[in-house]
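A.B. asks: My questions all concern the structure below.
Please treat every number below as a calculation from the coordinates, not as lab data. Keep in mind the model is a prediction, meaning the values are calculated, not measured. Glycine also receives a Cβ, built like all others from the backbone with ideal geometry; neighbour counts cover every protein chain displayed.
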């Protein structure tokens, strides 16, 4: 079991020759930008012979940035079969996660409001547009109140006064002085 992080020369590390995960130049550039912004926060995982188990893209980004060393965690407790399985599992398990779209949109909107460079997050522009469109659509849905259809036969009619405890409510035209006279008599309203 790994118990510490070490620094290793990028030239010492050996990529797994059957790594099924591919990294485009654009994705390596994204990883490099992330390392520049946040630091090298996720060590490369290697076996006892310095073979890469996880972190091929991070190593490529480190080389692109001209880094001489990278942080590594040595996993010398894994069998050959376990290493092969973990190389696949490390990539696939991350893909199996989902997003809470509302929380994601809210967090991205906060970052955008703070003028954070969203290119560093890893989403394509089209993805961000869709996320923000869904967020604004939901906000508009929440702001739009449904107005119920009126009942066919109204219960109240113009001029009706309802007593609500020590309060009064009138069904009437607020622009008509007679409405106030009916509701208040000679009293003045405390609030309208």
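A.B. asks: When you count, for each residue, the other Cβ atoms within 10 Å and take the mean per peptide, how do 48-60, 31-43 rank with the highest first? Each step should come with its number before you reach the end.
C.D. replies: On the way: 48-60: 18.5, 31-43: 15.5.
Highest to lowest by the protection proxy: 48-60, 31-43.
A.B. asks: Against the longest alpha carbon principal axis of the chain, how many degrees, from 0 to 90 and to the nearest 10, is the axis of helix 25-38 turned?
C.D. replies: Here the helix axis deviates by roughly 70 degrees.
A.B. asks: How far is helix 56-65 tilted off the main Cα axis of the chain, in degrees rounded to 10, range 0 to 90?
C.D. replies: So the inclination is approximately 90 degrees.
A.B. asks: Another question, then. Can you give the relative contact order of the range 1-82 as a percent, counting alpha carbon pairs under 8 Å and 6+ residues apart? Working shown, then result.
C.D. replies: Working: 114 pairs, mean separation 37.5, N = 82.
Across the range 1-82, relative contact order equals 46 percent.
A.B. asks: Angle between the Cα long axis of helix 125-143 and the longest principal axis of the chain, 0 to 90 degrees, nearest 10?
C.D. replies: 20
A.B. asks: Quick one: check the C-alpha center-to-center distance for the range 1-45 versus the range 56-85, whole angstrom.
C.D. replies: Rounded to whole Å, the Cα centres lie 6 Å apart.
A.B. asks: Each label point is 7 Å from the Cα along the Cα-to-Cβ direction; what then is the distance between the points at residue 155 and residue 190, in nm?
C.D. replies: 2.5
A.B. asks: Modelled label-to-label distance, residue 80 and residue 106, 7 Å Cα→beta-carbon offset: nm?
C.D. replies: For residue 80 paired with residue 106, the spin-label model returns 5.1 nm.
A.B. asks: Once the Cβ-Cβ distance between residue 116 and residue 36 is put in as r, and R0 is 25 Å, what FRET efficiency do you end up with, to the nearest 0.05?
C.D. replies: It comes out at approximately 0.95.
A.B. asks: Would you kindly state how much longer the chain becomes between residue 69 and residue 128 on full extension, computed as 0.36 nm times their sequence separation minus their alpha carbon distance, in nm to one decimal? Could the numbers behind the result be given before it?
C.D. replies: Numbers: separation 59, 0.36 × 59 = 21.24 nm, distance 3.37 nm.
Between residue 69 and residue 128, full extension yields 17.9 nm more.
A.B. asks: Consider all pairwise Cα distances in the chain and report the whole-number % of them above 29 Å. Don't jump to the answer; show the numbers that get you there.
C.D. replies: Numbers: 9910 of 18336 pairs.
So the pairs more than 29 Å apart make up 54 percent of the total in the chain.
A.B. asks: Between residue 175 and residue 11, what is the label-to-label distance in nm when each label sits 7 Å out along the Cα-to-Cβ direction?
C.D. replies: For residue 175 paired with residue 11, the spin-label model returns 8.6 nm.
A.B. asks: Fewest to most neighbouring Cβ within 10 Å: what's the order for 70, 161? Intermediate results must be reported in sequence, preceding the final value.
C.D. replies: Details: 70 24, 161 13.
Fewest to most other Cβ atoms nearby, the residues stand as 161, 70.
A.B. asks: In percent, how large is the relative contact order of the chain, given Cα pairs closer than 8 Å and 6 or more residues apart?
C.D. replies: Reported relative contact order: 18 percent.
A.B. asks: So, one more: So what is the 222 nm mean residue ellipticity for the chain from helices alone, if each DSSP H run of at least 4 adds -39500 (n - 2.57) and you divide by all residues, rounding to the nearest 500 deg cm²/dmol?
C.D. replies: Values: 6 runs with 80 residues, N = 192.
Helix contribution divided over all residues of the chain: -13500 deg cm²/dmol.
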